[in-house]
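Encoded as structure tokens, the structure appears first; notes follow it.
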Amino acid sequence: MRVHQGICAKLQGGFLRRWWAAVAIGALMIIIAGILAALFPRLINIIIDKEIALQEGSRTFDWWKEPPVTPQMRVYIYNVTNADEFLNNGVKPTLQELGPYIYLETWEKVNIKFNLNDTVTYNVKKRFVFSEELSHGSEEDLVVVPNVPMLSATSQSKHAARFLRLAMASIMDILKIKPFVEVSVGQLLWGYEDPLLKLAKDVVPTDQKLPYEQFGLLYGKNGTGKDNFTIFTGIMDITKYGLMDKWNGKSILGHWTTPDCDSVMGSDGSIFPPHITKHTILKIFDKDLCRTLPLIYQQDVMTAGGVPGFRFVPPAGVFSSPDQIPSQRCFCPSGPPCAPEGTFNASLCQYDSPILLSFPHFYLADPALREAVIGISAPEAKKHQLYIDVQPTMGTALSARARIQINLAVSQVRDIKQVASFPDIIFPIMWFEDGIDQLPEEVTSLLRMAVELPPVARAAMSGALAAIGIVVLVGALICLSRAANRQEKLHLSAPLPGNAKNDNSISPSFQNHSVKKIQGLNRCH
Ligand SMILES: *[C@@H]1O[C@H](CO)[C@@H](O)[C@H](O)[C@H]1NC(C)=O
Ligand SMILES: *[C@@H]1O[C@H](CO)[C@@H](O)[C@H](O)[C@H]1NC(C)=O
Ligand SMILES: *[C@@H]1O[C@H](CO)[C@@H](O)[C@H](O)[C@H]1NC(C)=O
Ligand SMILES: *[C@@H]1O[C@H](CO)[C@@H](O)[C@H](O)[C@H]1NC(C)=O
Ligand SMILES: *[C@@H]1O[C@H](CO)[C@@H](O)[C@H](O)[C@H]1NC(C)=O
């Protein structure tokens, strides 16, 4: 017993303290490695949140201001090939899907003004340039399509006084307005002079005036939009990064019956609050869509450029009628009846034109709508589903397809002879997909780095620290035990003084000897 106590005392002696210190350092390094591994993701998130917030001079700001991408808009037009038969014999309309007519776009944000409250206000400037090479067809192709201004006017007059409808009929007679027009693709999209709109502009009181005398499905879109957007920069609150605060100074649209449906709080589709999970519901606000569109996780994807992402798509019931999903009642303020299953009544955002939006080929809509016409193939998710692929950590859109079909809800009006034989029908006019396929290499390489680097850095840093800690710890322990052994041996082999008073009574020569031995152990690893 005495011998053992002696060894313990030796081990606590001055020259052994460094081994205990080494053990402590080794253990500490292992603990720090563990803490680092646990906290590293949070650390990275703090860095990401700082980096992506929109502020002048940051890299994300430049990308946000002038996205380094060339989005493409592909337009498909439903050419009516049996207009006369449809009107005279009551047969189903036969449609020929033409296109794609492809436009290369440049997007830019202009009039950027930072506000004091973590928001930035801007206008959007878009340029569309027709690409003859990529397109299947030319902008000069002549197509026959429903006369949207006329059918809007007649459908709206359904509940007006009869004499008004009769007056309308005679005006249309004089102006030779017909229910179908033959126009070029370029005119249909970018505008043609419409006699009815011109007349309305001249006679209608100023406050109800339509803003233009030309009609085009994309009229006024080539250039700087007059709407201004105010979005959150994310500097103070990253969870609002990129979300709309105000649209033209308003935080609501003023069309829908519940604050949730009416709010403009959504992203423009290019950037989203970071740290997206599979349970996140992304929201996109688009003024032509007339609402925010929710998107839910569908699948993991690998995008061009090698950046993994999540694909988000609208939930199946997004354009459901209130009969199917009661919460959709908010989008039907003047109903029932409401827009049919799978269509969205955007007339309040389209100067009261009876425009119904749907997904292309009536994807997710009542099949009866597609069967009411001839020539539209069955919808396929791959071709007709709207989606956005996002990089979840940073909230960057990697690729996207905004796919929407524009339909006209025509009501039969018997008093107007020109359209008396035009039945109640949801008439598809065109669909388009607006999208980006790939981000430029400078962006994807940064995104790849943001995805791949943190786990590697985390493993490398905490791994290295833990490895060194273990080596130090194990080495120190080995040295300690060896030292202990040796000392025990030395102790035992040393001639025991007949009457040891205490351990310090070991002869000076022995002590010197064992010091040398133990100092030798310092080089044991
Ligand atoms: C569109 O249909 C009309 C017949 O209604 C036809 O004359 C015209 O050539 C078609 N347009 C194209 C581009 O095929
Ligand atoms: C932030 O400031 C802008 C400009 O002054 C204003 O339009 C917007 O309503 C403000 N937003 C919030 C959330 O206070
Ligand atoms: C859009 O405007 C630009 C000039 O700003 C013009 O070059 C281009 O042809 C226009 N695109 C269309 C489709 O009109
Ligand atoms: C944005 O538009 C609204 C409504 O048109 C206007 O009142 C406001 O002054 C505009 N804001 C900026 C910064 O241009
Ligand atoms: C679309 O909404 C407008 C305005 O709320 C309404 O007058 C019209 O009847 C609706 N159309 C359909 C097809 O529900």
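Where a number appears in this text, it was derived from the coordinates with a stated rule and is not lab data. Here the structure is a predicted model, which is why all the values come from computation and not from measurement. As a convention, Cβ positions derive from the backbone with ideal geometry for all residues, glycine included, and neighbour counts pool all protein chains shown.
List every DSSP H helix in the chain whose Cα atoms extend 18 Å or more along the helix's own long axis and whose mean Kyte-Doolittle hydropathy is at least 0.0.
Once both thresholds are applied, what remains is 17-52, 162-174, 441-493.
With θ taken as phi - 60° and the coefficients 6.51, -1.76 and 1.60, list the Karplus ³J(HN,Hα) couplings across the range 291-303 in order, rounded to whole Hz; mark glycine and proline as x.
For the range 291-303, the Karplus curve yields 5, 8, 10, x, 10, 10, 4, 10, 7, 7, 9, 10, 8 Hz.
Apply 1/(1 + (r/R0)^6) to the Cβ-Cβ distance of ILE46 and LYS125, taking R0 = 35 Å, and write down the FRET efficiency to the nearest 0.05.
With a Förster radius of 35 Å, E is 0.55.
Let me know the Rg and Dmax you get for the range 69-439 when you use only its Cα atoms, in Å.
Cα-based Rg and Dmax for the range 69-439 come out at 21.0, 65 Å.
Hey, if you put +1 on the Cβ of every Lys and Arg and -1 on every Asp and Glu Cβ in the chain, which of THR257, LEU116, LEU357 ends up farthest toward the positive end of that dipole?
Working it through, the farthest residue towards the positive pole turns out to be LEU116.
Skipping prolines and chain starts, which residues have an amide H placed within reach, meaning under 5 Å, of the one on THR303, given they are 5 or more residues away or on another chain?
Close amide H contacts, sequence-distant or interchain: GLY309.
Can you sort ARG162, ARG401 by how many other beta carbons sit within 10 Å, fewest first?
With the fewest neighbours first, ARG162, ARG401 line up as ARG162, ARG401.
Can you pull the one-decimal nm distance between simple spin-label points at LEU289 and GLU66, each 7 Å off the Cα toward Cβ?
Once both label points are built, they end up 2.8 nm from each other.
Can you work out the Karplus-derived ³J(HN,Hα) for every residue in the range 366-373? Use 6.51 cos²θ - 1.76 cosθ + 1.60 with θ = phi - 60°, whole Hz, and x for glycine or proline.
Running phi through 6.51 cos²θ - 1.76 cosθ + 1.60 with θ = phi - 60° gives 4, x, 4, 5, 6, 6, 6, 10 Hz.
Can you give me the orientation-averaged projected area of the convex hull built on the Cα atoms of the range 334-413, in nm²?
Mean shadow area of the hull around the Cα atoms is 7.5 nm².
If each residue of separation counts as 0.36 nm, what is the full-extension length gain between GLU441 and ALA38 once their alpha-carbon separation is subtracted?
141.9 nm
Taking amide H positions as placed in the peptide plane 1.01 Å from N, state which residues far from SER267 in sequence (5 or more) or on other chains have amide H under 5 Å from it.
Counting only residues 5 or more places away or on other chains, the set is MET244, LYS283, ILE284, PHE285.
What do you get when you divide the Cα radius of gyration of the range 335-494 by 2.2 N^0.38 Å, with N the number of residues?
In units of the globular-protein estimate, the range 335-494 measures up at 2.28.
Cross-link list LYS158/LYS221; LYS125/LYS278; LYS109/LYS178; LYS126/LYS240: which exceed 29 angstrom alpha carbon to alpha carbon?
Beyond 29 Å: LYS158/LYS221; LYS125/LYS278; LYS109/LYS178.
Which is farthest toward the positive dipole end of the range 164-291 among ILE177, TYR192, LEU218, measuring Cα position about the Cα centre, with Cβ charges +1 (Lys, Arg) and -1 (Asp, Glu)?
Selected residue: LEU218.
Counting only the backbone N, which residues of the range 447-488 are under 20 Å from the spot 7 Å out from the Cα of ILE31 toward its beta-carbon?
462-478
Under a point-charge model restricted to the Cβ atoms of Lys and Arg (+1) and Asp and Glu (-1), what is the dipole moment magnitude of the chain relative to its Cα centre, in debye to the nearest 20?
3600 debye
Dipole magnitude of the range 266-393 about its Cα centre, charges +1 at Lys/Arg Cβ and -1 at Asp/Glu Cβ only, in debye to the nearest 20?
The calculation lands at about 240 debye.
Relative to the present Cα-Cα distance, how much length would full extension add between MET461 and ILE478 at 0.36 nm per residue of separation?
Extra length available between MET461 and ILE478 comes to 3.6 nm.
Quick one: order LYS226, LYS109 by neighbouring beta-carbon count within 10 Å, fewest to most.
Sorted ascending by nearby Cβ count, the order is LYS226, LYS109.
Just the ratio, please: alpha-carbon radius of gyration of the range 409-452 over 2.2 N^0.38 Å, N its number of residues.
Normalised by 2.2 N^0.38 Å, the Cα Rg of the range 409-452 equals 2.64.
After finding the eigenvalues of the alpha carbon gyration tensor for the range 114-195, what semi-axes result from the square roots of 5 times each, listed largest first in whole Å?
The answer is 35, 26, 9 Å, longest axis first.
For the residue pair TYR351 and ARG162, what label-to-label distance in nm results when each label sits 7 Å from Cα along the Cα-to-beta-carbon direction?
Distance between the two pseudo-spin positions: 3.1 nm.
Of the options SER138, ALA368, PRO100, report the single residue whose Cα projects farthest towards the positive end of the charge dipole of the range 69-439 (beta-carbon charges: Lys, Arg +1; Asp, Glu -1).
ALA368
How far, in nm, would the chain grow between ILE374 and TYR192 when pulled straight, counting 0.36 nm per residue and subtracting the alpha carbon separation?
Full-extension gain reported as 62.8 nm.
Extending each Cα 7 Å along its Cβ direction at LYS417 and ARG18, get the distance between those two points in nm, one decimal.
11.4 nm
Sorting check: for 71-82, 32-43, which peptide has the highest mean count of neighbouring beta carbons within 10 Å, and how do the rest follow?
Descending packing order for the listed peptides: 71-82, 32-43.
Where does each of 356-368, 286-298 land if you order them by average Cβ count within 10 Å, highest first?
Output ranking for 356-368, 286-298: 356-368, 286-298.
What whole number of Å gives the distance from the Cα centroid of the range 104-132 to the Cα centroid of the range 392-433?
26 Å
By the scheme Lys and Arg +1, Asp and Glu -1, what is the net charge of all other residues having a beta-carbon under 14 Å from that of SER157?
So the surrounding residues net to +3.
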